[in-house]
Amino acid sequence: MLRLWLSVLLLLPLGGTAAELAGECIDEPVFNGSVCVYQANPRAASSVLLVHGVNGSARFDWERQIPALAKGYHVVAVDLPGFGASSKGRKAYTPDNYAQLLGFIAERYIDRPHAVVGHSMGAVVALRYAARYAGPDLGRVVLIDAAGILHGVAISKALAGSYASRFGDNAFSAFIARLTGKLLEGLEGMPVSPDDLLAKHPNLWMRNDPAATAALAVAAADMSYDIATVGVPTLILWGEDDHVAPLRTGQVLEARLADARLVVLPRAGHAPMREQAAQVNALLNEHLAHTGGRSGRARGAQEAPTPHTAERVGHCRNQRDVTFSGHYRRIELRHCDRVTIRDAHVGAIDAFESRLNIIDSEIASDGTAVTLEGSEVVATASRIAGDVAIDAARSRLDLAGVELVGHTAAVVARTTTNIVFSVSTLASPHHSGYRHGFHELSNDRL
């Protein structure tokens, strides 16, 4: 295939002057097609690589960032194969293949320190590129409303809850959210997750629909290793009103990445770089200009579980919308709905026929840290540690960015219990390492 040059040169105003955004399409070795690359200010000392999302393109997604960034940086933006002016076809548009392509682009166009900025699907691609294909010149990462990351069941439940919440804060919306979760977890043998769909229907890769293929691949990707590997300072931007990628994903990324800072943008949806360009540009420039040291909330070294000695005991009986924060020796829940445990240090939790949400908390015990009977737990960016981390019966757990440590067992399921793990870790005599998947347990130990 002959090299194809884009004849279009765009004039972008940069503080009263004009800068050329020059584009060319070249042969690429990953998808064996052509990829279109755009550059501005190629003589700058540092580079920024921009990666768009599903159904996007370099010039559309980043039209309001390129002029601002080109004032001080060499900007490289790419139309990912399957999108924009790049080749389209029946290809495996996966995060790994896209990240490998970015490696090819960086080697060809970037010979200096650089950062990578990705939106939605592009944020997942940027994260994989940073973990597996970027060299030592990569200094900064920016993730904007990253798609995927959480397990497919967790994402589907979050989207169902977001939809149901539009009916208001009432029993109907709560019923819809709970029913959706049960349906997603209960269709045994049905292809309800992206992993199952790809395994049972490999012809999906062969559909001539790059957007559908790329979106499915992002949803199926396990990013546990990538998140654990990336150590460079990372800025995470999230639209407060994003109904496509749940904010919980950003909270997990901030907790699990080695050096990350999450900024939530009020009144912004899934594409804040277009909706609130001025604020996003200011945050990008601030992050990219910072040199040396850490810029985010650093994840500390892992420590042995330390049982908490606070004397306070929290109680909930037949209540809803109760919040616990701070230090507790124990929290006991009986027939309670929508309990939130946030920014808390707790010795033990005992929940019976209750629904609770654990956020950015630690539960540590010499014995059993969390005991559940007929309960539902959504835990995010938290640590649960004990002789037994979780003892559960007739319960459902959705654990995202959670560290489970059990000296005897991380999870003991006395009767049927369903667990969805998203980019979590587990350490026990039975299992150790990353955990990302759906499990139905009965008389089992993890």
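The values are calculated or read from the model by the stated rules, or taken from the named source; none is laboratory data. Computed from a predicted structure; not experimentally measured. Here the Cβ is made from the backbone with ideal geometry for all residues, glycine too, and neighbour counts use every protein chain on show. In case anyone asks, the SASA skips ligands and DNA or RNA and just uses the protein heavy atoms, side chains included. Shrake-Rupley method; radii C 1.70, N 1.55, O 1.52, S 1.80 Å.
Computed quantities for the displayed model
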read-out: Distance cut-off 19 Å, percentage of C-alpha pairs in segment 384-446 lying past it; value: 16
read-out: Accessible area of segment 45-144 divided out per residue, in Å², using a probe of 1.4 angstrom; value: 31
read-out: Length added when fully stretched, T229-T415, from 0.36 nm per residue minus Cα-Cα; value: 63.4 nm
read-out: For segment 316-446, convex hull of alpha carbons as volume per residue, Å³; value: 74
read-out: Label-to-label distance, nm, for residues given as D321 and A278 (7 Å Cα→Cβ offset); value: 3.6
read-out: Potential extension, A22-R43 segment - 0.36 nm per residue separation minus Cα distance; value: 6.2 nm
read-out: Accessible surface of segment 343-409, 1.4 Å probe, proportion on carbon and sulfur as whole %; value: 44
read-out: Neighbourhood charge, 11 Å Cβ-Cβ cut-off, centred on H287 and excluding it, Lys, Arg +1 and Asp, Glu -1; value: +1
read-out: Proportion of all alpha-carbon pairs of segment 36-160 beyond 17 Å (%); value: 55
read-out: Two-site FRET efficiency, R64 against H430, from Cβ-Cβ distance with R₀ of 51 Å, rounded to 0.05; value: 0.50
read-out: Förster radius 35 Å - calculated FRET efficiency between E440 and R267 (Cβ-Cβ, nearest 0.05); value: 0.30
read-out: Kirkwood estimate for segment 27-82, i.e. one over the average of 1/r between Cα atoms, Å; value: 11.8
read-out: Accessible area (Å², 1.4 Å probe, nearest 10) - T340; value: 30
read-out: Ranked order, I331, I359 - accessible area, probe 1.4 Å, largest first; value: I359, I331
